[in-house]
Amino acid sequence: MRISELFYSIQGEGTLVGVPSVFVRTSGCNLRCGWCDTPYASWKPEGSERSVEEVLAEVKKHPARHVVLTGGEPMIAKELPELAGRLREAGYHLTIETAGTVIPEGIACDLASISPKLSNSTPSLERGGEAWVKRHEETRLQPEVLRAWAEQYEVQWKFVISNEQDLVEAREVLETIGVPIEPNRVLLMPEGTSVEALQARYPLLIEACKAFGYRLSPRLHIDLFGNKRGT
Ligand code: SF4
């Protein structure tokens, strides 16, 4: 499978924030978000081919008990089910970070970290071109796929929020899933790749969390390291 990067760091987002984890970032994505913060794994996928054995050996060099499979979109990597199964067998706690556009089909996973993409993710025509804008719009939200994850896995629902309209949309997405979602499994994250941009959006998110019982998720890695690869 094509791996963009593999590194040991601190989880910066979600319910496991602060937990030392090995991150395995696959390269390639079926979406093209305009604000994507890992373009080297989506818009211009980079990386080298590595076997499941090679990835496992690399993961085991680190003293972590938590592994995060991320991307790009890890769920489009053909060998991911095998890798996830082998990691589970080896006793790791496994998080899969996904946009929730691919049916899970029984993949080993302890925490599905699903970030459904709102309309703020659609790239501009200039950047994406007509074909990618259309594909992105057709693919980004698939309620039946989100439902499959919700019914079979422990899920945290992460929404990247820029403004009030995004909050309305996020609530609509939660409705379309069709199964009850506990508010404390819903995490709101500010859109932005700089500390200043994140800070500017926190007040809106804090009020929404207080009103609906959602959780605020920091983007600790940006606070600690800035928007840098390998963190
Ligand atoms: S789904 Fe994630 S990796 Fe893919 S384009 Fe969107 S933000 Fe980037």
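Numbers for the structure displayed
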{"read-out": "Lysine pairs in the chain with Cα atoms under 22 Å, if 8 or more residues apart or on separate chains", "value": "9"}
{"read-out": "Percent carbon-and-sulfur accessible area, the chain, ignoring ligands, DNA and RNA, probe 1.4 Å", "value": "52"}
{"read-out": "Unpartnered cysteines - no second Cys beta carbon under 4.7 Å - across the chain", "value": "Cys29, Cys109, Cys209"}
{"read-out": "Amide proton proximity set for Cys33, modelled H, under 5 Å, gap of 5+", "value": "none"}
{"read-out": "Over the chain: helical MRE at 222 nm, DSSP H runs n ≥ 4 each giving -39500 (n - 2.57), nearest 500", "value": "-11000 deg cm²/dmol"}
{"read-out": "The chain: angle of helix 80-89 to the longest principal axis, Cα-based, in degrees nearest 10", "value": "70"}
{"read-out": "Helix axis angle, 164-177 relative to the chain longest principal axis, alpha carbon, degrees", "value": "60"}
{"read-out": "Additional length obtainable on full extension of the chain from Val19 to Asn227, 0.36 nm per residue less Cα span", "value": "73.0 nm"}
{"read-out": "Folded to 0 to 90 degrees: helix 125-139 orientation relative to the chain principal axis, Cα", "value": "80"}
{"read-out": "Probe 1.4 Å, accessible area per residue of the range 1-118, Å²", "value": "37"}
{"read-out": "Gyration tensor (alpha-carbon) shape descriptor, the chain, a/c threshold 1.5", "value": "rounded"}
{"read-out": "Lys61-Ile181 pseudo-label distance in nm [points 7 Å out on the Cα-to-Cβ vector]", "value": "3.8"}
{"read-out": "Cα centroid separation - the range 44-67 against the range 165-231, whole Å", "value": "28"}
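The values are calculated or read from the model by the stated rules, or taken from the named source; none is laboratory data. Bear in mind the structure is a predicted one, so any value in this text is a computation, not a measurement. So basically every Cβ, Gly included, is an ideal-geometry build from the backbone, and we count neighbours across all protein chains shown. When the accessible area is computed, the model is the full protein with side chains, heavy atoms only, and any ligands, DNA or RNA have been set aside. Shrake-Rupley method; radii C 1.70, N 1.55, O 1.52, S 1.80 Å.
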